[in-house]
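**Student:** Before we start, here is the structure in question, set down as structure tokens.
Read the figures in this text as sums done on the coordinates, not as results from a lab. None of these values were measured; they are calculated from a predicted model. So basically every Cβ, Gly included, is an ideal-geometry build from the backbone, and we count neighbours across all protein chains shown.
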Amino acid sequence: MKPIKGALTALIIAISPVAALAHDGGRITVTGEGQVTGAPDMATVSLGVTTQAKTAAEAMAANNVQLGLVLERLRGAGIEERDLQTSGLSLNPDWQQPEGETQPRIVGYVASNMLTVRVRAIDTLGAVLDKAVIDGANTFNGVSFGLADPQPALDQARKAAVADAMARAKLLTEAAGLKLGPVISIAEGGNQGGPMPMYRMDAAAAPAVPVAAGEVATTASVTIVFGLRD
């Protein structure tokens, strides 16, 4: 996507100081890590509608109407069908114990329908949230930020991890009076996106929704086994 190309030009490669060294029969094993940070180009929103009524049928009917209006608003804000997904649907009795009674009883029903919404234009996120609230979205589980295509950032993080491991291996062998030999094996460790900025809001928040996307981080680690030369 065009947005990711722009974001990648501003990515910052950070080398982690974490590395492990072992000298085993003419071999050195080094673990290196790399991290790439940059501006996100996609937001994922978890929102929905919760309704309450005397009967289960009334609660579901009210929920369906309210959610339909929210979906219509989201589509009108430019959200595509592929970016709208039902992530939770529930109907539960509302148990309460009225004053003076010894046992709780069902006084109504609560219906909830949650949506996962992907917003591919970060600059429209505030407007999208505004529109969802206008027509009855009253449940929010937060907003997370990420990359629509994380592969380029992950590849850069892998390269940084390899460079980290090789530089560390060279430094350690020279400090020990040894000579670094050829690479015997390379194994990739776990990699994942770093902490993502989260934004939570109350359903009764002011219409103008402030959003700060910040940066997202992608990390990778590799373990490289080198031979030693005489």
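**Student:** With a ≥ b ≥ c the root eigenvalues of the C-alpha gyration tensor of the range 106-169, is it rounded (a/c under 1.5), prolate (a/b larger than b/c) or oblate?
**Tutor:** It comes out prolate by the Cα gyration axes.
**Student:** Relative to the present Cα-Cα distance, how much length would full extension add between residue 175 and residue 148 at 0.36 nm per residue of separation?
**Tutor:** 5.4 nm
**Student:** May I ask for the net charge around residue 158, where only other residues with Cβ less than 11 Å from the Cβ of residue 158 are counted and Lys, Arg are +1 while Asp, Glu are -1?
**Tutor:** My count for the surroundings of residue 158 gives -3.
**Student:** How big, in percent, is the set of alpha carbon pairs in the range 42-146 lying more than 21 Å apart?
**Tutor:** Above the 21 Å cut-off, the range 42-146 has 40 percent of its Cα pairs.
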